[in-house]
Every structure is written in structure tokens, then in C-alpha cells.
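Accompanying notes for the structure given below.
Values in this text are rule-based calculations from the coordinates and carry no lab data. Predicted model, so just to flag it, every value in this text is computed and none were measured. A quick note on method: Cβ atoms are made from the backbone with ideal geometry, for glycine too, and the neighbour counts reach across all protein chains shown.
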Amino acid sequence: MKKAFVKSYGCQMNAYDAGRMADLLAAEGYSATETVEEADVVVLNTCHIREKASEKVFSEVGRLRVLKAERAQAGLDTRIVVAGCVAQAEGREILARTPAVDVVVGPQSYHRLPELLAESRSRRVVDTEFPIEDKFSKLPARRNRGVTGFLTIQEGCDKFCAFCVVPYTRGAEVSRPVAQIRAEAEAMLAGGVREITLIGQNVNAYHGEAPGGGSATLADLMRALSDLPGLARLRYTTSHPNDMGDDLIAAHGDNPLVMPYLHLPVQSGSTRVLQAMNRKHTADEYRRLIARVREARPDIALSSDFIVGFPGETDAEFEETMRLVADIDFASAFSFKYSPRAGTPAAEREDAIPEAVKTERLARLQHLLDQQRHAFNESMVGRTVEVLVEKAGRHPGQVAGKTPHLLMVQIDAPASTIGTLLTVRITRSGANSLFGELLPDAAAA
Ligand code: SAH
Ligand code: SF4
Ligand code: F3S
């Protein structure tokens with residue numbers, strides 16, 4: 001049997017796409033492998049968001065070139081595919097720079113992967129079109145892996161933040177119809193999924209076709225999914241502050257399937273910097289929005305993304321970010337040094353912040369965010385929570401799963417609990433995980 005190795009280097013949507021490419025290859029008779037040496041097809045699903053992410057692919061392809069040559073000596077063919085956002089952004093340059101690559105395919109045309117692989121027998125191929133046809137309707141039925149899964153409901157972005165490549169690599173914003181999403185969710189649930197994370201680059205800008213005509217919001221969509229048998233939890237990511245509709249905020253209070261967790265990137269605590277980033281809201285508007293979300297769901301865990309050292313960011317403006325973090329108190333967060341990306345407006349600016357300053361700011365910000373994360377984890381100790389068991393735990397006799405607040409917990413419980421909800425008392429908080437004990441008579445959910 002032929003084997004395929006598919007690896008994701010990017011965001012959740014990139015991971016989703018990698019899974020769908022594996023589905024496509026499975027339908028063509030390829031079994032999945034985690035061992036790249038035995039793969040007949042290798043797919044690298046790349047990310048272009050920061051320079052580090054996008055450079056990774058070239059070192060990876062360098063290693064694969066050696067592997068491909070070794071396999072060729074043994075009479076084995078290896079097809080190397082570069083997919084994802086670097087493929088979209090750099091297209092033909094990848095072919096020029098990396099002779100070992102056979103196929104370059106962008107995020108909106110990967111449903112054509114089998115044809116492209118066939119074509120690649122006679123010539124190297126690039127497909128970075130944004131085809132009119134709906135990629136999703138061309139994909140084979142979804143195969144499942146695991147208890148939790150991502151489901152893309154919306155793609156692309158029309159917001160054009162000054163630093164960001166996504167509008168160029170993913171194209172314009174498009175929402176999938178509710179009925180199509182429901183069908184995919186049903187397939188996931190039939191395969192054993194209990195928790196679905198709805199994903200999109202601007203997931204709360206969702207405005208898909210409603211079954212009865214008109215358009216549905218994200219809150220409408222979540223309501224439409226809530227009666228699906230077997231579905232225990234819903235999450236969504238990534239949202240934009242300007243698309244937090246009243247009904248979505250309310251859903252955190254009144255839809256029991258919507259988990260008390262919100263990833264809401266703010267990027268900076270300085271209104272001047274936010275304006276320069278083209279985020280189109282102020283720091284105080286963000287604070288007020290968070291207050292409203294907390295009113296709807298007081299125990300909600302908040303998460304965010306931050307960029308330090310955006311061109312022109314002064315010391316005082318960075319301090320405003322520190323203040324915003326101190327005011328809001330995040331349960332988790334991602335923070336990055338600004339990375340100039342060719343083709344984006346911010347990359348043209350001449351007031352770049354020196355690397356050493358970015359490094360210092362990032363360290364200070366991460367220190368504060370780490371403190372907040374630890375405090376949040378500690379605050380769970382002694383509490384009783386519901387854990388959706390996902391997999392075997394770190395040690396024999398243990399399983400691991402997540403709390404509603406998206407914290408991983410290790411529990412002494414048998415593997416037969418995988419896929420169920422357990423009521424667990426949190427006993428201890430470690431560096432990367434919580435530890436919990438099963439409450440008597442609680443294993444029935
Ligand atoms: N759509 C999401 C963000 C997707 S990209 C939103 O608008 O919030 C994920 C994160 O990567 C961003 O939130 C931002 O913090 C970071 N990022 C994007 N471009 C970047 C760049 N050029 N340099 C550093 N970080 C960047
Ligand atoms: Fe990028 Fe901004 Fe769109 Fe998010 S909203 S994907 S940061 S352009
Ligand atoms: Fe990266 Fe593309 Fe996602 S650039 S963050 S893989 S949308």
C-alpha cells in the first residue's frame with residue numbers, strides 16, 4: 001500500500017487543511033504514516049505568518065531532498081508537495097529554489113491534489129488559483145481521528161491589518177452554508193468526536209447561508225448545531241473584536257454547549273498603535289467589550305494574541321500594552337515580535353524597532369502573561385470540573401483531557417473513559433498540566 005506523510009506547520013485552519021489532504025490521499029489509496037522515510041507522498045502544509053514560520057519549509061525541503069535521492073536509489077519514487085500559505089505566497093519561487101519539490105498547491109486549491117500529483121509525473125506543477133468552485137464540496141467524506149476536532153466554517157479575511165499576510169494567502173472572506181457545516185459535524189460525531197471547534201481566520205464574522213434562507217451568524221450556527229446527538233461541547237476560534245456581536249456574547253451565557261473560553265486577539269494596548277495596525281478599535285473599546293463578555297459569562301477564560309515592536313511603537317505605548325494585560329488578566333496568550341512580511345503595508349515603514357528592543361519587550365510581556373497563566377491554573381485547584389477525556393495520559397493508568405477552560409488534566413482513570421465526560425476534582429497544578437482525581441460515582445457521563 002502507498003503511504004502519505006502530511007505535516008501541518010501553521011494555525012488550526014492549516015491543521016484542518018492538512019487533515020483534509022490526508023482524507024483526499026486516503027481516498028486515493030494512501031495510508032497515513034508518521035515516518036517520513038517510508039512515505040511515497042510527503043505534504044508540507046506551510047505557514048507564512050512570520051518569517052521564522054515560513055523559513056522552516058526551506059530547511060525541511062533540504063532534508064527531504066536527501067531522502068528523495070536515497071529512496072530513488074532503492075527504486076522508490078517520492079513526491080514532495082509544498083502546500084499552504086507559503087505555497088500561495090511564493091508559488092513559482094519555491095519551484096525555482098527547491099528542485100526536489102514536485103507540486104506547489106495553495107490553500108484554496110488543495111482539493112485538486114490527486115490530479116496535481118498525477119500531472120507531476122510529467123512536469124512540476126503549481127496551483128495557486130482561487131477557483132470559483134467550492135473546495136469543500138469537492139473533498140471526500142471526512143475521516144475522524146480523536147475525540148475533539150476542528151471544523152472550518154469561514155475562510156479568508158477582508159480586514160487587511162497592516163502587518164498581516166492572511167488576506168493575501170487565504171483570499172477574501174467566505175462563509176460555508178449552515179447545512180454543509182451540519183453535515184460535516186454529523187460525520188465527525190459519527191466518528192466519535194464529542195467536541196467541535198469551529199474555525200476561521202475571522203470566525204465571528206461568519207455569515208453563512210441559513211437553511212431557511214437569509215444568513216446565519218456564528219451564534220445562530222452554534223444554536224443550529226446544538227441539537228446534534230453526541231455533541232458535548234462547542235468552541236470557536238479565532239475571533240476579531242469588531243465582530244463580537246451581541247448574540248455571540250449572549251451565547252456564552254445561554255448556550256450550554258459553548259465553552260467558557262474566548263480567544264480574542266488584541267495585538268496592542270495602545271490606541272495609536274492599534275490605529276497604525278488598522279485594527280479599527282481602541283484599547284478602551286476592547287476593555288469594554290471584555291467587560292460585557294464577563295457579564296454574560298463571569299468565569300470565562302480569556303486568551304489573546306500580542307505583537308510587540310510594531311514599527312513606531314514607543315516605550316510608553318508598549319507600557320500601555322502591559323497595562324492592558326494587567327487590567328484584563330488573561331488565562332493564556334500568544335505573543336510575538338513583529339515580523340515584517342513582504343507585500344504588507346507595515347513592511348514598507350522606515351521606523352522599525354531594533355531587534356534588541358523587541359526582545360526585551362517580548363520577555364517582559366511574556367513574564368507577565370506567564371504569571372497570569374499560572375495564577376489561573378492555580379485557581380482551579382480544589383475545584384470540581386467536567387473533563388472531556390481525549391487520550392491516554394502521561395503514565396500508565398492515566399488518561400488526559402480538557403476542562404471547559406481548555407486546561408489539560410491528567411487523571412487516574414481507565415482508558416475506557418476516553419470519549420466521555422468525567423467529573424473531576426483538581427488536586428494540583430503543574431507546569432503544563434493540571435492533575436485531578438475522579439469523584440466517586442462520577443464516571444457515568
Ligand atoms: N485573524 C486573527 C489572527 C490570525 S494570525 C486575528 O485577527 O486576530 C495569528 C496571530 O499572529 C495574530 O493575531 C498576530 O498576533 C500574529 N501575527 C500576524 N502577523 C504577524 C507579523 N507580521 N508579525 C508578528 N506577529 C504576527
Ligand atoms: Fe490578519 Fe487582521 Fe485578518 Fe486577523 S483580521 S487574519 S490579523 S488581516
Ligand atoms: Fe499561517 Fe496561513 Fe494560518 S499564514 S497562520 S497557515 S492562515
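Using a simple spin-label model with points 7 Å from Cα along the Cα→Cβ vector, what separation in nm is obtained for SER379 and GLU186?
Taking the simple label geometry, SER379 and GLU186 are separated by 4.1 nm.
Looking at the chain, how many pairs of lysines come closer than 13 Å at the Cα, when each pair is eight or more places apart or spans two chains?
Lysine pairs meeting both conditions in the chain amount to 5.
Give me the one-decimal nm value for the distance between modelled label points at GLN275 and GLU355, 7 Å along each residue's Cα-to-Cβ direction.
Placing both labels 7 Å along Cα→Cβ, they lie 3.2 nm apart.
Counting other C-beta atoms within 10 Å, which of ASP23, ASP227 has the fewest, and how do the rest follow?
Going from sparsest to densest Cβ surroundings: ASP227, ASP23.
So if each residue of separation counts as 0.36 nm, and I subtract the Cα-Cα distance between ALA179 and ASP247, what length gain in nm does that give?
22.4 nm
Looking at the stretch 37-176, what % of its DSSP beta bridges pair antiparallel, to the nearest 5?
Expressed as a percentage, antiparallel bridges in the stretch 37-176 total about 15.
May I ask you to derive the FRET efficiency for GLN398 and ALA210 from their Cβ-Cβ distance with R0 = 56 Å, giving the value to the nearest 0.05?
0.80
Would you mind ranking LEU113, LEU369, LEU289 by Cβ crowding within 10 Å, fewest neighbours first?
Final ranking by Cβ density, sparse to dense: LEU289, LEU369, LEU113.
With +1 assigned to the C-beta of every Lys and Arg and -1 to the C-beta of every Asp and Glu, and no other charges, what is the dipole magnitude of the chain about the Cα centre in debye, to the nearest 20?
The dipole of the chain has a size of about 820 debye.
Which whole-number percent is the relative contact order of the stretch 221-311 (Cα, under 8 Å, 6+ apart)?
In percent, rounded to a whole number, it is 32.
Using r as the Cβ-Cβ distance of ARG292 and SER416, and R0 as 60 Å, what FRET efficiency do you calculate, to the nearest 0.05?
After rounding to 0.05, the efficiency reads 0.90.
Considering the options ILE80, GLY213, SER137, tell which one lies farthest towards the positive end of the dipole of the chain, charges being +1 on Lys and Arg and -1 on Asp and Glu at the Cβ, about the Cα centre.
ILE80
Restricting to bridges with both residues inside the chain, how much of the DSSP beta-bridge set is antiparallel, in percent to the nearest 5?
35
Can you pull the three principal axis extents for the Cα set of the chain, in Å, largest first?
Rounded to whole Å, the extents work out to 61, 59, 49 Å.
Using packing as a proxy for protection, rank 357-363, 44-50, 308-314 so that the peptide with the highest average count of other Cβ atoms within 10 Å comes first.
So the peptides 357-363, 44-50, 308-314, ranked by packing, come out 44-50, 308-314, 357-363.
State the extension gain, in nm to one decimal, for the chain segment bounded by ARG323 and ALA347, taking 0.36 nm per residue of separation less the distance between their alpha-carbons.
Full-extension gain reported as 6.0 nm.
Order these peptides, 232-244, 395-407, 206-218, by their mean beta-carbon neighbour count within 10 angstrom, highest first.
Highest to lowest by the protection proxy: 232-244, 395-407, 206-218.
Quickly estimate the mean residue ellipticity at 222 nm for the chain, helices only: each DSSP H run with n ≥ 4 gives -39500 (n - 2.57), and the total goes over all residues, rounded to 500.
Helices in the chain give a 222 nm mean residue ellipticity of -11000 deg cm²/dmol.
Size of the dipole of the stretch 354-403 about the Cα centre, Lys and Arg at +1 and Asp and Glu at -1 on the beta carbon, nothing else charged, in debye to 20?
With Lys and Arg at +1 and Asp and Glu at -1, about 40 debye.
If we count other beta carbons within 10 Å of each Cβ, what is the order of PHE376, PHE334, fewest first?
PHE334, PHE376
Quick one: which of 139-152, 261-274 comes out on top by average Cβ neighbours within 10 Å, and what's the full order, highest first?
Packing order, densest peptide first, comes out as 261-274, 139-152.
Simple spin-label model, 7 Å along Cα-to-Cβ: ALA118 to ALA72 in nm?
2.5
Taking a Cβ-Cβ separation under 4.7 Å as the criterion for a possible partner, which cysteines of the chain have none?
For the chain, the answer is CYS11, CYS47, CYS85, CYS157, because their Cβ atoms have no other cysteine Cβ under 4.7 Å.
Go through GLY191, ALA179, LEU225 and say which Cα lies farthest out towards the positive end of the charge dipole of the chain; charges sit on Cβ, +1 for Lys and Arg, -1 for Asp and Glu.
So the residue furthest toward the plus end is GLY191.
For ASN432 and ASP254 in one chain, what is 0.36 nm times their gap in residues minus the Cα-Cα distance, to one decimal in nm?
That pair, ASN432 and ASP254, stretches by 61.0 nm at full extension.
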